[in-house]
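Colleague: Submitted below is the structure of interest, expressed as structure tokens.
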Amino acid sequence: MQRSPSQCTSGAVFGINKPMLEIPAIRADFPILTKTMRGKPLVYLDNGATSLKPECVLDAERAYYTDLGANIHRGVYEFSEQATVAYDAVRAQTEAFIHAPDDGHAIFTKSTTESINLVAYGWALKHLKSGDEIVITEIEHHSNFVPWQAVAERTGAVVRFAPVAEDGTLEPGGFERTLTAKTRLVAITAMSNVTGYIPPVSEIVAAAHAVGALVLVDGAQYVSHHPVDVAEWGCDFLAFSAHKMCGPTGVGVLYARENVLDSMDPFLFGGDMILKVKKEGTTYAPVPAKFEAGTPNIAGVIGFGAALSYLSNLGLKEIAAHEKELLAYAYERIGSIPGVIVYGPADLANRGGIFSFNIDDVHPHDVGTILDREGIAVRAGFHCAQPLMRVFGVFGTVRASFYVYNTREEIDLLAAGVDAVREIFV
Ligand code: PLP
């Protein structure tokens, strides 16, 4: 008998005033955390790359295949109708999760990267012309950097950069100084995948709107760990990935409001995105179908719905607070080891749970390899953020990125791993 999504342990214990996370109960929801790696208990600290999946998400995906199996939107039989209802329910759930306004839509894509490319192809190539300006920053992931360079090459638009300080934060007032009457689009991450730095999104949106520009927020790192209210941010686009938030790979989201989506061209053409097809021409379906040609990742979207329920049950505020505690502990425990250089602002107020560091001049890959021997999974390299590596003047860093199931004991193990690296290399 499969467990239904609601049967995942919530791990949220309600105290007098606020829920507290029961980390051991939460860990029990993630089958992979019982595994060993290199013969050691797995210490998974690579959540910035992708998160682990709780049993209820795996069950929900499997239940689609075992109990329904049918394609959506085009069947007139019961199982197809049920699959359609399940898929569309996750769209509504996603919109509620980010507090989308009534005219806001969640389009399902395959990833944050595809969501950003949908804006690049569907909006930017259609609306930008030579001399228009796109403003981004050097803290962006390549997914929110390279598409804008490509758009600029094709349209003659210019990419400009809001200034970044040495610690990887945005210079105060720098965005305002960079925006001009020619700025048509601002594309900004809500949280750096290298340092966990959280820029002031609402302020940036207000400044961009004041010059008439639209704003795309890359929420790949932020949405999985913090409560999000797109209406409060006021952004025009939000892109994020299910796989970084306990959901399956192969599902991404692009949020935008109806008038913006109506002004965009489809990016993929084919079945399911049409109203009428004739030899003379085709009319497209209204949003969101207009942007979801072909069979989508039905099982993945249904699994994503279970992930959203799982995170909501735990509480996003509580998740963020737990990770902030882990970050502070990592600073205390590892930041104090001689030779360890930590990247990002020292003030943890605007930081998510990402701890990027180097050990003297030891190559990050060497550090990652030693940690791997201890069963510790971290990311080592440039993290798809070469421009930010240049700001820091390094080839790369070692990145430990935390999620709700991580513990202080795991940070102690990471600290022991850092000591082991120092014994060998320093
Ligand atoms: N943006 C940021 C900030 C990221 O961290 C990532 C992935 O690490 C992406 C975009 C791309 O996400 P995906 O690989 O799911 O498309």
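Colleague: Just one of the numbered conditions (1) within 18 Å of the chain's Cα centre (by Cα); (2) under 30 Å from residue 409 (Cα atoms) is not true of residue 326; which one?
Modeller: (1)
Colleague: Inside segment 262-276, can you point out the residues that are loosely packed, with under 13 Cβ neighbours inside 10 Å, touching a strand residue (DSSP E or B) at 6+ places or on another chain (Cβ under 7 Å) and not basic (Lys, Arg)?
Modeller: Within segment 262-276, just 275 meets the criteria.
Colleague: Do you know which of the residues in segment 102-144 that are assigned to a loop (DSSP other than H, G, I, E, B), more than 15 Å from the ligand (Cβ to nearest atom) and touching a Leu at 6+ places or on another chain (Cβ under 9 Å) is nearest to residue 84 (Cα to Cα)?
Modeller: The extreme case among them is 128.
Colleague: Within the group 251, 217, which residue is in contact with a helix residue (DSSP H, G or I) (Cβ under 7 Å, 6 or more places away or on another chain), without any contact (Cβ under 8 Å) to a residue 60 or more places away in the chain and either within 22 Å of residue 114 (Cα to Cα) or within 16 Å of the ligand (Cβ to nearest atom) (or both)? Don't jump to the end; show me each part of the working.
Modeller: Numbers: 251 fails: without any contact (Cβ under 8 Å) to a residue 60 or more places away in the chain.
Result: 217 is the single residue among 251, 217 that is in contact with a helix residue (DSSP H, G or I) (Cβ under 7 Å, 6 or more places away or on another chain), without any contact (Cβ under 8 Å) to a residue 60 or more places away in the chain and either within 22 Å of residue 114 (Cα to Cα) or within 16 Å of the ligand (Cβ to nearest atom) (or both).
Colleague: For segment 258-316, which residues satisfy the criterion of being among the aliphatic types (A, V, I, L, M) and within 30 Å of residue 26 (Cβ to Cβ)?
Modeller: Across segment 258-316, the qualifying residues are 298, 299, 301, 302, 306, 307, 308, 311, 314, 316.
Colleague: Next up: Do we have residue 114 as in contact with a Pro (Cβ under 9 Å, 6 or more places away or on another chain), of a type outside the set (Phe, Trp, Tyr) and at pLDDT 95 or above here?
Modeller: Numbers: in contact with a Pro (Cβ under 9 Å, 6 or more places away or on another chain): no; of a type outside the set (Phe, Trp, Tyr): yes; at pLDDT 95 or above: yes.
Considered against the rule, which asks whether it is in contact with a Pro (Cβ under 9 Å, 6 or more places away or on another chain), of a type outside the set (Phe, Trp, Tyr) and at pLDDT 95 or above, residue 114 comes out as no.
Colleague: I've got another one for you. In segment 145-254, which strands (runs of 3 or more DSSP E) lie fully inside it and hold 2 or more residues that are of a type outside the set (Val, Ile, Thr) and closer than 30 Å to residue 379 by Cα?
Modeller: On the way: elements: 158-162, 183-189, 214-218, 237-241.
In segment 145-254, 158-162, 214-218, 237-241 are the strands (runs of 3 or more DSSP E) which contain 2 or more residues that are of a type outside the set (Val, Ile, Thr) and closer than 30 Å to residue 379 by Cα.
Colleague: So residue 366 clears everything in (1) within 26 Å of residue 39 (Cα to Cα); (2) buried (at least 23 other Cβ atoms within 10 Å of the Cβ) except one condition, right? Which one?
Modeller: (2)
Colleague: Oh, and also: Of the numbered conditions (1) more than 20 Å from residue 234 (Cβ to Cβ); (2) small (Gly, Ala, Ser); (3) buried (at least 23 other Cβ atoms within 10 Å of the Cβ); (4) more than 16 Å from the ligand (Cβ to nearest atom), residue 192 satisfies every one except a single condition; which is it?
Modeller: Looking at each condition in turn, residue 192 falls short on (4).
Colleague: Among residues belonging to segment 340-356 that are in contact (Cβ under 8 Å) with a residue 24 or more places away in the chain and in contact with a helix residue (DSSP H, G or I) (Cβ under 8 Å, 6 or more places away or on another chain), point out the one that is surrounded by the fewest Cβ atoms within 10 Å (Cβ to Cβ).
Modeller: 348
Colleague: Moving to a separate point now. Could you go through segment 313-327 and let me know if any residue there is within 16 Å of the ligand (Cβ to nearest atom) and either in a helix (DSSP H, G or I) or under 14 Å from residue 417 (Cα atoms) (or both).
Modeller: Scanning segment 313-327 turns up at least one residue that is within 16 Å of the ligand (Cβ to nearest atom) and either in a helix (DSSP H, G or I) or under 14 Å from residue 417 (Cα atoms) (or both).
The values are calculated or read from the model by the stated rules, or taken from the named source; none is laboratory data. Source: prediction; values computed, not measured. All Cβ positions, glycine included, derive from the backbone under ideal geometry; neighbour counts span all protein chains shown.
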